[in-house]
Amino acid sequence: QVQLVESGGGLVQTGDSLRLSCAASGLTFSNYAVAWFRQAPGKEREFVAAISWNHNTYYADSVKGRFGLSRDNAKNTAYLQMNSLKPEDTAVYYCAVEFWGLGSSIRERYPYWGQGTQATVSP
């Protein structure tokens, strides 16, 4: 079965960086789009970034220019590099995949999800 495992979260200060990883198994990873969503306490889960099966990337306006999404199909892993972090980036970050996906920002397009990793940015 498809399994996604996020890692790399932690507690950092404003302006610091984190790199999140999403390791996938149980699927032909290269055939899937990968997306990152995040959910802060009391808020809806929101789109952060996505990379299509053919490596096109898309970002939410709130992270554009600060975050970078890449994938290594040989390692079945996607990476979210988060730079210039702000306290408002504090959230649980989830990765999700969609078969032959084009990098949608719509949560319902993604049938498979990881359990999330917490990123906390202190002021």
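The set of residues in region 76-91 that are under 17 Å from residue 43 (Cα atoms) and open to solvent by less than 10 Å² (accessible area, probe 1.4 Å) comprises 89, 91.
Among the residues of region 1-41, those that are assigned to a loop (DSSP other than H, G, I, E, B) and either under 12 Å from the mean Cα position of the chain (by Cα) or of a type in the set (Phe, Trp, Tyr) (or both) comprise 8, 9.
Scanning region 2-27 for residues that are of a type in the set (S, T, N, Q) and touching a Phe, Trp or Tyr at 6+ places or on another chain (Cβ under 9 Å), we see that the one that is most open to solvent (accessible area, probe 1.4 Å) is 3.
Name every residue in region 92-123 that is open to solvent by less than 50 Å² (accessible area, probe 1.4 Å) and either assigned to a strand (DSSP E or B) or β-branched (Val, Ile, Thr) (or both), in order of residue number. If the condition is that a residue be open to solvent by less than 50 Å² (accessible area, probe 1.4 Å) and either assigned to a strand (DSSP E or B) or β-branched (Val, Ile, Thr) (or both), then 92, 93, 94, 95, 96, 97, 98, 117, 119, 120, 121, 122 are the ones that fit.
The values are calculated or read from the model by the stated rules, or taken from the named source; none is laboratory data. Quick caveat: nothing in here was measured; it's all calculated off a predicted structure. All Cβ positions, even for glycine, are placed from backbone atoms using ideal geometry, and neighbour counts span all protein chains on display. Protein only, heavy atoms only, side chains kept; ligands, DNA and RNA dropped before computing areas. Shrake-Rupley method; radii C 1.70, N 1.55, O 1.52, S 1.80 Å.
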